[in-house]
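What follows is a set of notes on a single structure, which appears directly below.
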Amino acid sequence: MAKITFNDIGHSYDKNPNQENWALKPISMTWESGKSYALVGPSGCGKTTILNIISGIVNPHQGQITFDDVDVTKVPTVKRNVALVFQFPTIYKSMTVKENLAFPLVCRGWKADAINVRVGEVAEQIGISHKLDRSATKLGADEKQLISLGRGLVRDDVTALLMDEPLTVIDPQLKFELRKKIKQIIQGKDITVVYVTHDQYEAMTFADELLVMELGNLVQRGTPEELFENPISNYVGNFIGSPAMNFIKADLSNGLAEVGGYKIATSTNLSKVTDKKIQLGIRPEYVELHSGSGENVISAELIGIDDLGSTRILNCRFGEGIIKAKIPRSTTPPPLGKVGLRLPKEKVIGFKGGFQIR
Ligand SMILES: Nc1ncnc2c1ncn2[C@@H]1O[C@H](COP(=O)(O)OP(=O)(O)OP(=O)(O)O)[C@@H](O)[C@H]1O
Ligand SMILES: [Mg+2]
């Protein structure tokens with residue numbers, strides 16, 4: 001498996017000189033060998049473009065891409081040895097499951113015995129050994145997708161496994177199982193995996209590291225925990241987490257934030273911030289119901305409750321906005337009206353101009 005590096009890689013499909021409009025703004029970054037990464041972001045932010053640049057399907061407008069420090073920028077897709085799994089399973093319809101899995105090895109001139117052994121191993125991993133002689137067309141979408149994956153993994157020279165929204169066409173009830181299975185299959189293997197998804201939950205449960213994208217920019221990379229606890233911007237705070245991070249407008253004077261008549265202590269050092277207006281961010285998971293008084297205990301108005309089954313979301317009016325508190329099912333929600341909340345200082349982060357104050 002290869003360490004993949006982008007050196008100042010950028011791409012414009014129409015060779016537009018104005019970088020503002022590029023599908024991928026120039027970036028330099030490394031994907032470490034043996035780790036799994038999820039590229040997340042809304043439609044059109046450049047996820048597939050990155051994948052296609054890694055695989056060689058797209059030649060970048062500028063920059064250099066290396067596999068294990070060897071320049072592959074001009075190397076065609078077939079010679080890069082990447083395994084690709086797309087949204088729609090790619091299956092050779094006239095072939096059996098076994099023939100499908102064997103195909104990449106047949107193309108590479110492997111001997112029949114060696115093919116049998118290798119296909120047997122991979123079929124075992126993807127849990128399809130009992131269906132090897134079936135026609136591939138007769139399988140469900142989830143099994144077809146496993147075969148697409150198996151066909152990628154069957155080769156012994158794969159540099160990276162690239163998956164572009166592989167669960168999109170899978171029934172919701174099978175998605176969870178398939179994701180778990182894919183994760184099990186790649187776990188412990190020395191595979192560099194780049195996985196594209198719209199779905200933050202899918203990304204967080206799958207990858208070692210998330211790469212959050214916006215309009216062709218990589219805005220933050222980190223573990224699920226890093227992105228949850230320490231979002232670099234309002235965009236990441238909104239994109240990661242469900243519901244999104246609360247952002248509350250606050251006035252700042254002498255380094256102290258104030259909202260609706262309450263002084264709010266923050267984990268961010270605000271003493272050097274000269275702006276008069278900032279925002280405070282806190283995750284709904286960290287907002288606590290609290291009777292009594294104390295640091296960062298506020299009085300808000302509970303105006304509605306969303307029941308999500310295992311948890312409830314309390315929508316509370318405070319200052320000029322709404323604070324959401326996520327509480328477990330086991331906690332009895334208070335009646336609508338006045339409610340005491342505590343915003344633990346260590347979980348309150350300062351933001352200005354859309355970015356975290358550092
Ligand atoms: N072949 C192409 N020719 C011209 N423009 C393209 C082409 N492919 C993508 N684009 C544009 O480049 C930008 C990034 O597209 P890309 O497909 O990488 O986004 P994405 O994040 O994968 O989106 P989605 O989640 O919808 O798959 C978009 O503005 C898109 O319209
Ligand atoms: Mg895409």
| said: Consider the stretch 46-62. How many of its residues are surrounded by 19 or more Cβ atoms within 10 Å (Cβ to Cβ), over 12 Å from T77 (Cα atoms) and more than 6 Å from ligand 1 (Cβ to nearest atom)? | reply: 3
| query | Given A244, A203, which one is among the aliphatic types (A, V, I, L, M) and modelled with pLDDT of 95 or more? | reply | A244
| remark: When the stretch 146-164 is checked residue by residue, the ones that are of a type in the set (A, V, I, L, M, F, W, C) and more than 16 Å from ligand 2 (Cβ to nearest atom) are L146, I147, L149, L153, V154, V158, A160, L161
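When you scan the stretch 161-192, how many residues do you find that are within 16 Å of ligand 1 (Cβ to nearest atom) and in contact (Cβ under 8 Å) with a residue 60 or more places away in the chain? Spell out the reasoning first.
Here is the first cut: in the stretch 161-192, the residues within 16 Å of ligand 1 (Cβ to nearest atom) are 162-169.
After this cut, where a residue has to be in contact (Cβ under 8 Å) with a residue 60 or more places away in the chain as well, the list is 162-166, 168-169.
Of the residues in the stretch 161-192, 7 are within 16 Å of ligand 1 (Cβ to nearest atom) and in contact (Cβ under 8 Å) with a residue 60 or more places away in the chain.
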| For the stretch 157-178, what are the residues that are assigned to a loop (DSSP other than H, G, I, E, B) and either touching a strand residue (DSSP E or B) at 6+ places or on another chain (Cβ under 6 Å) or of a type in the set (D, E) (or both)? | D157, V158, T159, E165, P166, D171
| request: Would you kindly identify the helices (runs of 4 or more DSSP H) lying entirely within the stretch 47-117 that contain at least 3 residues that are polar (S, T, N, Q) and within 16 Å of ligand 2 (Cβ to nearest atom)? | output: 47-55
| task | Answer yes or no: is there a residue in the stretch 100-113 that is surrounded by fewer than 20 Cβ atoms within 10 Å (Cβ to Cβ) and either aromatic (F, W, Y) or touching a His at 6+ places or on another chain (Cβ under 8 Å) (or both). | result | yes
| query | Of the residues that make up the stretch 22-45, is at least one outside any helix (DSSP H, G or I), within 12 Å of ligand 1 (Cβ to nearest atom), among the small types (G, A, S) and surrounded by fewer than 17 Cβ atoms within 10 Å (Cβ to Cβ)? | reply | yes
| request: Confirm whether V194 is part of a strand (DSSP E or B) and away from ligand 2 (no atom under 16 Å from the Cβ). | output: no
| remark: Looking across the stretch 15-31 at residues that are of a type outside the set (S, T, N, Q) and at pLDDT below 95, the single one that is farthest from ligand 2 (Cβ to nearest atom) is P17
| note | Result of the Cβ filter at 6 Å on the stretch 20-39, keeping first residues that are assigned by TED's automatic domain parsing to the domain that holds V219 and partners that are within 15 Å of ligand 1 (Cβ to nearest atom) and among the aromatic types (F, W, Y), at least 6 apart or interchain, is A23/Y13; I27/F6; S28/F6; M29/F6; W31/Y37; A38/Y195
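Every residue in the stretch 124-145 that is outside any helix (DSSP H, G or I) and within 25 Å of the chain's Cα centre (by Cα), please.
Applying the first criterion (outside any helix (DSSP H, G or I)) to the stretch 124-145 yields 126-128, 132-135, 139-140.
Scanning the stretch 124-145 gives a single hit, I126.
The values are calculated or read from the model by the stated rules, or taken from the named source; none is laboratory data. Nothing here was measured: the structure is a model prediction, and the numbers come from that model. Quick reminder, even Gly has a Cβ in these numbers, built from the backbone with ideal geometry, and neighbours come from all protein chains shown.
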